[in-house]
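Since every read-out is calculated from the coordinates, none of them should be taken as a lab result. None of the values given here were measured: they were computed from a predicted structure. Here the Cβ is made from the backbone with ideal geometry for all residues, glycine too, and neighbour counts use every protein chain on show.
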Amino acid sequence: MAKVAEVIQLMGEFAPTSLAEDWDNVGLQVGDQNTEVKNVLLALDLREGLVQEAIAKDCNLIITHHPLIFKGIKTVTESSYTGRLIRDLIKNEIAVFSAHTNLDISSNGLNDFLIKKLPVKNIEVLSSTKSKNYYKLVTFIPESELKTVKNALYEAGAGKYNNYSHSGFFQAGKGNFKPLAESEPYMGIKNKINEVAEVRFETIVASNKLAQVKKALLKNHPYEEPAWDLFELKNLSIIEGLGRIAVLTEEYKFSELLPLIKESFQLPVLKYSGQLEQKIKKIALCSGSGADFIQTAAYQGADLYLTGDVKFHQAQLAEELNLNLIDFGHYDSEKHVADLLARELSRRATRSSFASVKFYKSELNTNPWSYQV
């Protein structure tokens, strides 16, 4: 049976906690990572009804988008809403894990998931938070040890780029060296120039994986002094950040896009500002509260921006910038998170330990707003 730590590992494959903003609070918030997982409940946020839903579905792990514990709490008592939730979770042995801005920022995360509901191409980050540089690692391995060293490097994170892993190139050749008196060579004769069959192996390494890949190389390479080189790839980097901006596959009038957007995001009502006859070619989006990026969207050439929690004067700013605007609400922009988590976790949970684990999408509506249409 899978443990909580294994589910956390799956989350890290597409929404690593290292992507989270500094002010955020993500990761395991309640529970023990060594607990065996029966089933997992996936939800936007944690409310009282969700604990009961988890019990009913025999789930002892809940994964939410909004963190249960966001700012520091001083007490866990009956007098606070959060205190009562934590009490009920511990009492029923239910763990809670949250993926917030790391899931927003991830290239396989919520903003990509949302914008791909629309007919778009050339998707880019709207507001960058950091960039990830890549390096090429080159080393020379005796033919007999190629598989061992290569697999150890892949296991440490080498060869991973976007949706591909285990990427590398190898070519057979010959190497020569002369072990001196104090050496302890893996092969060859001391004080003699030796010529041996070797394989040149090269692979890609992200900057945040360099230390562990280097450690794996030195640990698993059979040579006393392995030869290896590291080259920074100036032509390759990944920009990470909040929101997305993309080009529509064809031009629409704003009035033509409104029903398409309403249907795509399953919106009960549509709140918008702009010119209905205006042609829309470039569209920007940010889940949750993204009104701070109105100027960013406009300056990057967006004709339409979708986000939530837009205030009166922020909508006026969009109007001044000639930017059409849709406020599709905080809840309605993020309610799709359970669909995303179910898809990503289910397709990654291929190990035998997950055979009996089910990933349930919460049926609880946690939107505090109601609408009369």
- Task: Arrange His166, His100 by Cβ neighbour counts within 10 Å, fewest through most, would you?
- Result: His166, His100
- Query: Taking θ as phi - 60°, what are the ³J(HN,Hα) couplings along region 349-355 by the Karplus curve (6.51, -1.76, 1.60), each to the nearest whole Hz, with x for Gly and Pro?
  - Reply: 7, 9, 5, 4, 5, 9, 4
- Message: For q values of 0.06, 0.14 Å⁻¹, compute log₁₀ I(q)/I(0) with the Debye formula on a Cα-only model of the chain, without solvent.
- Response: -0.32, -1.18
- Largest fluctuation, Asp32, Asp104, Asp229 only, Gaussian network model of the chain with Cα springs under 10 angstrom, belongs to Asp229
- Using only alpha carbon pairs under 8 Å that are at least six residues apart, calculate the relative contact order of region 132-238 and give it in whole percent. 46
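What does the charge count around Glu21 come to, taking other residues whose C-beta lies under 12 Å from its C-beta (Lys +1, Arg +1, Asp -1, Glu -1)? Show your work: numbers first, answer last.
On the way: positive: Lys130; negative: Asp22, Asp24, Asp104, Glu240.
Once positives and negatives cancel, what remains is -3.
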- Item | Shape call, region 1-108: gyration tensor on alpha carbons, a/c limit 1.5 | oblate
- Note on the structure: From DSSP H assignment alone, runs of 4+ in the chain each adding -39500 (n - 2.57), the sum over residues rounded to the nearest 500 puts [θ] at 222 nm at -8000 deg cm²/dmol
- Considering the chain as a Gaussian network with a 10 Å cut-off on Cα pairs, which listed residue, Lys209, Lys178, Lys117, attains the greatest mean-square fluctuation? Lys178
- Item | the chain: relative contact order as a whole-number percent, Cα under 8 Å and 6+ apart | 20
- Rough spin-label spacing in nm, given labels placed 7 Å along Cα→Cβ, for Glu182 and Lys253: 8.3
- Size of charge dipole - the chain - debye, nearest 20, with Cβ of Lys, Arg +1 and Asp, Glu -1, no other charges: 660
- Message: Could you give each residue of region 226-241 its phi-based ³J(HN,Hα) in whole Hz, using Karplus coefficients 6.51, -1.76, 1.60 with θ = phi - 60°, and x for Gly or Pro?
- Response: x, 8, 8, 10, 10, 10, 6, 8, 5, 8, 9, 7, 10, 8, 10, x
- Distance from region 1-34 to region 74-113 (C-alpha centre basis), Å: 11
- By per-residue mean of other Cβ atoms within 10 Å, what is the highest-first order of 235-244, 325-334? 325-334, 235-244
- Ranked from highest to lowest mean number of other Cβ atoms within 10 Å per residue, what is the order of the peptides 214-223, 300-309? 300-309, 214-223
- Task: Would you mind calculating the relative contact order of region 30-170 from Cα pairs under 8 angstrom and at least 6 residues apart, reporting the percent as a whole number?
- Result: 18
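Give the shape of region 132-238 as rounded, prolate or oblate, defined through the alpha-carbon gyration tensor: a ≥ b ≥ c are the square roots of its eigenvalues, a/c under 1.5 means rounded, and otherwise the shape is prolate if a/b is larger than b/c and oblate if not.
The shape class here is prolate.
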- Item | region 42-68-region 222-253 distance, computed between alpha-carbon centres (Å) | 35
- Query: Just for the chain, what percent of DSSP beta bridges are antiparallel, to the closest 5?
  - Reply: 70
